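Visitor: This is the structure I want to talk about, given as structure tokens.
A short reminder: the numbers here are calculations on the coordinates, not readings from a lab. This structure is a prediction, so every number in the text was calculated from the model and none was measured. Virtual Cβ from ideal backbone geometry, glycine too; neighbours counted across all protein chains shown.
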Amino acid sequence: MKDANKVQGKRKKTRPPRGAARRTVRRHAHSHPFEVRRKAVQLCLEEGFPMERVAREMGVGLSTLSHWVRVYGAQGEAGLQPQPGRRNRPQPKVAPAVKAKVVELKRHHPDFGIQKISQFLRRMWFLPVSRETVRRTLHEQQLLHKPRPKPLAPNPNAIPPSRASLSVPRPTRCGRPISSPFGWEGRTPI
């Protein structure tokens, strides 16, 4: 008898995890401490290990490691130190003409929403404006309407109608009460 755990034929290639699991594995450029950067550069330059192997063993991208080596060659160890103001980069500025066009369009067409304005500007004026830029601009100018309240969902804890109201015969479409073949019209069921 064959072993049930054996896989016959080709094995499927396993993919890296998707979604949140993948994001937790991925490291960002600013997350590597100075000691890791210095050690990786020393392994490449002083010890003579190939960059590909050092990058794989340290869990760093090859382009990141080659950047560290270039910076180390130009500035020394000071170039590998984390930059203090680098994380809080300012948002790219939107041209005032683009903001003015967004406001003008909203004032001329108050029923246009964020997505419609963004699409209109892209298609008609060839202005690459994202929905977030439109939303932010309209919010700054206080042109966003408050969202409509959503209708309330039925209460699952509501008390059902009493049994007495169920025992009364109800009229049908033609107006006559529903009659039972057993003569139970006015009685409450047991």
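Visitor: Can you tell me, using C-alpha contacts under 8 Å and at least 6 residues apart, the relative contact order of region 96-140 as a whole percent?
Guide: Once normalised by length, the contact order is 43 percent.
Visitor: List, in order, the whole-Hz ³J(HN,Hα) value for each residue of region 96-108 obtained from phi through the Karplus relation with A = 6.51, B = -1.76, C = 1.60 and θ = phi - 60°; use x for Gly and Pro.
Guide: Once rounded to whole Hz, the list reads x, 5, 5, 4, 5, 5, 4, 5, 4, 5, 5, 6, 6.
Visitor: By per-residue mean of other Cβ atoms within 10 Å, what is the highest-first order of 115-121, 47-53? Intermediate results must be reported in sequence, preceding the final value.
Guide: Numbers: 115-121: 17.6, 47-53: 11.1.
Packing proxy ranking, top to bottom: 115-121, 47-53.
Visitor: For His139 paired with Arg56, estimate the spin-label separation in nm (one decimal), with each label point 7 Å from Cα along the Cα-to-Cβ line.
Guide: Inter-label distance under the simple model: 4.6 nm.
Visitor: Moving to a separate point now. In terms of modelled amide H atoms, which long-range or inter-chain residues lie less than 5 Å from the amide H of Leu144?
Guide: HN-HN under 5 Å from Leu144: empty list.
Visitor: Is region 27-80 rounded, prolate or oblate when judged by the Cα gyration tensor, a ≥ b ≥ c being the square roots of its eigenvalues, rounded requiring a/c under 1.5 and prolate requiring a/b larger than b/c?
Guide: On the way: a/c = 1.58, a/b = 1.05, b/c = 1.50.
In terms of gyration-tensor shape, oblate.
Visitor: Given R₀ = 45 Å, FRET efficiency for Ser63-Ala153 by Cβ-Cβ distance, to 0.05? Walk me through the intermediate numbers first.
Guide: On the way: r = 51 Å, r/R0 = 1.14.
Efficiency computed from Cβ-Cβ geometry: 0.30.
Visitor: Hey, another quick one. How do 104-113, 130-139 rank on mean C-beta neighbours within 10 Å, highest first?
Guide: Working: 104-113: 12.8, 130-139: 17.1.
Per-residue mean Cβ counts within 10 Å order the peptides as 130-139, 104-113.
Visitor: Taking a ≥ b ≥ c as the square roots of the Cα gyration tensor eigenvalues, with a/c under 1.5 meaning rounded and otherwise prolate when a/b beats b/c, else oblate, which class fits region 96-140?
Guide: Values: a/c = 1.25, a/b = 1.11, b/c = 1.13.
Rounded, because the longest to shortest axis ratio a/c is under 1.5.
Visitor: Please report the net charge: other residues with Cβ closer than 14 Å to the Cβ of Lys106, K and R +1, D and E -1. Could the numbers behind the result be given before it?
Guide: Values: positive: Lys99, Lys101, Arg107, Lys116, Arg131, Arg135, Arg136; negative: Glu104, Asp111, Glu140.
Computed value for this residue: +4.
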